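This report concerns only the one structure given below.
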Amino acid sequence: MGNEYHLADGSPRYGHRSEQASTYHSTPAVTVRVEETAEGAARLGLDDLAGATDRRLGGTWADAPDPVVAALRKNHPAELAAARALVKLHLGSQRQWRLKAQAVRDKQLEGILARRRASGSARTILAMRLGLMAALITPSAYIVATDQENYLKLLIIGIICFVAALVGGHLLTIRARVPVMPTIRGPWLGELRDDIVDATLVAILQNKGVELDGRTVVAGRRGWESIQAATQAVASLRS
């Protein structure tokens with residue numbers, strides 16, 4: 001990976017070094033991989049992110065910014081920039097991260113969709129969707145063709161079709177028996193991303209041999225550990 005995270009010789013800036021580089025550093029060997037958190041976050045599905053968001057919103061530790069984490073970020077700006085770059089390398093932008101998580105979710109639901117296709121219910125749902133679309137389009141098309149200057153009638157039909165679409169879509173979702181797509185709000189997703197950055201920052205500092213007290217390590221990793229706990233809970237629901 002050619003970026004500011006790596007040195008000119010291709011070795012990781014904050015990870016394990018070659019024997020030649022190790023002669024200039026006397027820091028003890030570490031077992032934490034700085035990429036581990038970002039790689040794990042890239043494997044999360046939308047359901048995992050939704051569960052992690054709910055868990056974070058319910059945690060008292062997340063009600064206000066932690067001054068310990070704020071101090072950690074302030075005291076190590078270069079390492080913080082490296083952590084952000086590494087997270088962006090694996091997750092991309094917020095939108096790209098959502099798309100990756102949606103692809104993971106689609107993969108997780110393949111077994112359910114296969115059962116629906118095997119039972120024939122998928123064809124039934126498709127027929128119902130096509131019927132709903134025809135029912136919504138036909139009245140408006142008829143009015144446009146016969147009385148297009150009657151704006152009041154068009155407005156009333158439009159409102160009726162909108163309500164019918166909501167109700168029909170809701171009923172089809174229930175009939176399809178496929179887990180509903182979770183809603184992921186941007187600001188809350190940003191908080192999860194910050195948790196991933198903080199855990200990556202701690203790993204970078206540990207790999208550099210920087211001494212961190214236990215409270216700082218716990219605070220820096222608390223968000224990522226909360227995400228992992230939520231992911232395990234969501235996985236248990238699928239098993």
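Each value in this text was obtained by applying a stated rule to the coordinates, not by laboratory testing. Predicted model, so just to flag it, every value in this text is computed and none were measured. Neighbour counts run over all protein chains shown; Cβ positions are idealised from the backbone, glycine included.
For the pair Trp61 and Lys88, what calculated FRET efficiency results from E = 1/(1 + (r/R0)^6), where r is the Cβ-Cβ distance and R0 = 25 Å, to the nearest 0.05?
0.50
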Theoretical gain in end-to-end length, Met133 to Ala70 [0.36 nm per residue, Cα-Cα removed]:
17.5 nm
Determine ³J(HN,Hα), in whole Hz, for all residues of segment 93-99 in sequence, where each value follows from phi through the Karplus function 6.51 cos²θ - 1.76 cosθ + 1.60 and θ = phi - 60°; x replaces Gly and Pro.
6, 4, 5, 5, 5, 4, 5
May I ask you to list the lysines whose Cα is less than 28 Å away from that of Lys107, ignoring any residue fewer than eight positions away on the same chain?
Lys88
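Restricting to DSSP loop positions (anything but H, G, I, E, B) with no more than 15 other Cβ atoms inside 10 Å of their own Cβ, which trypsin sites (Lys or Arg not before Pro) remain in segment 91-193? Before the final figure, lay out each step's value.
Numbers: sites: Arg95, Arg98, Lys100, Arg105, Lys107, Arg115, Arg116, Arg117, Arg123, Arg129, Lys153, Arg175, Arg177, Arg185, Arg193; in loops: Arg177, Arg185.
Passing sites in segment 91-193 are Arg177, Arg185.
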Near Lys208, which aspartates and glutamates are there with a Cα under 19 Å away, not counting those fewer than 8 places off in the same chain?
Glu4, Asp9, Glu19, Glu35, Glu36, Glu79, Asp198
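Only Cα pairs under 8 Å and at least 6 apart count here; give the relative contact order of segment 119-176 as a rounded whole percent.
Numbers: 20 pairs, mean separation 29.9, N = 58.
Once divided by the residue count of segment 119-176, the mean separation gives 52 percent.
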Determine the shape class of segment 119-176: with a ≥ b ≥ c the square roots of the Cα gyration tensor eigenvalues, call it rounded for a/c under 1.5, and otherwise prolate if a/b is greater than b/c, oblate otherwise.
oblate
Alpha-carbon centroid distance for the pair segment 62-109 / segment 173-239, whole angstrom:
9
Hits in segment 122-136: amide N under 20 Å from the 7 Å Cα→Cβ extension of Lys153, namely 135-136
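With Cβ to Cβ distances under 11 Å as the rule, what net charge do the other residues near Ile196 carry (K, R +1; D, E -1)?
Numbers: positive: Arg84, Lys88, Arg193, Arg221; negative: Glu36, Glu39, Glu191, Asp194, Asp195, Asp198.
Net local charge, Ile196 excluded: -2.
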